[in-house]
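Accompanying notes for the structure given below.
The values are calculated or read from the model by the stated rules, or taken from the named source; none is laboratory data. Please read all numbers here as calculations on a predicted model, not as lab measurements. Cβ: placed from backbone, ideal geometry, glycine included. Neighbour counts: every protein chain shown. Quick note on the areas: whole protein, heavy atoms, side chains included, nothing else; ligands and nucleic acids left out. Shrake-Rupley method; radii C 1.70, N 1.55, O 1.52, S 1.80 Å.
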Amino acid sequence: QVQLVESGGGSVQAGGSLRLSCAASGYTHSHNCMAWFRQARGKEREGVATIAATGRSWYYADSVKGRFTISRDNAKNTLFLEMNSLKPEDTAMYYCAARPVPYCGDVPIQGDFVYWGQGTQVTVSS
């Protein structure tokens with residue numbers, strides 16, 4: 001059974017930082033493209049960042065470029081999202097997701113990711 005479990009969310013003041021983690025089990029983490037999505041209240045789910053099995057980051061949403069960094073530790077089957085200079089607009093439920101292939105497309109498409117975590121809430125206050 002493939003399982004992704006996010007952690008690290010919470011409440012932070014604007015300008016602060018958080019590091020999200022996603023622990024994967026039930027499959028070989030190193031063979032999957034991984035991604036972070038987020039969904040804010042009243043908005044559609046959007047791709048935040050993707051990273052290939054090689055560890056190359058492939059995509060960042062324009063709104064997070066320069067502030068967020070996606071990384072992975074394949075030996076530990078863990079995906080990370082380092083979030084710096086957080087803004088209230090970053091408030092959302094953040095989801096870890098995986099594709100059953102090691103490469104990532106040009107942009108993250110929700111339907112391409114068949115494995116999902118339960119989400120972790122990030123709330124950024126002014």
Top-ranked residue in region 47-75 [being under 16 Å from Val101 (Cβ atoms) and among the hydroxyl-bearing types (Ser, Thr, Tyr); ranked as surrounded by the most Cβ atoms within 10 Å (Cβ to Cβ)]: Thr50
Just checking, does region 76-87 include any residue being surrounded by fewer than 17 Cβ atoms within 10 Å (Cβ to Cβ), touching a helix residue (DSSP H, G or I) at 6+ places or on another chain (Cβ under 9 Å) and charged (D, E, K, R)? yes
The lone exception for Gly8 - which of (1) open to solvent by less than 50 Å² (accessible area, probe 1.4 Å); (2) touching a helix residue (DSSP H, G or I) at 6+ places or on another chain (Cβ under 7 Å); (3) modelled with pLDDT of 95 or more it fails: (2)
Taking region 28-46 and keeping residues more than 19 Å from Val122 (Cα to Cα) and open to solvent by 20 Å² or more (accessible area, probe 1.4 Å) leaves Thr28, Ser30, His31
Here the qualifying pairs (Cβ atoms under 9 Å; residues six or more apart or on different chains; first in region 51-69 and in a strand (DSSP E or B); second charged (D, E, K, R) and surrounded by fewer than 13 Cβ atoms within 10 Å (Cβ to Cβ)) come out as Trp58/Asp106; Tyr59/Asp106
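Are any residues in region 11-27 under 15 Å from Thr69 (Cα atoms) and either open to solvent by 30 Å² or more (accessible area, probe 1.4 Å) or in a strand (DSSP E or B) (or both), and if so, which ones?
Ser17, Leu18, Arg19, Leu20, Ser21, Cys22
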State all residues of region 91-120 that are touching a residue at least 40 places away in the same chain (Cβ under 8 Å) and either among the charged types (D, E, K, R) or open to solvent by 60 Å² or more (accessible area, probe 1.4 Å) (or both); if no residue qualifies, say none. Arg99, Pro100, Pro102, Tyr103, Asp106, Val107, Ile109, Gln110, Tyr115, Trp116, Gln118
Ser30 passes all but one of (1) modelled with pLDDT under 95; (2) assigned to a loop (DSSP other than H, G, I, E, B); which number fails? (2)
Complete set of residues in region 33-50 that are outside any strand (DSSP E or B) and among the basic types (Lys, Arg): Arg41, Lys43, Arg45
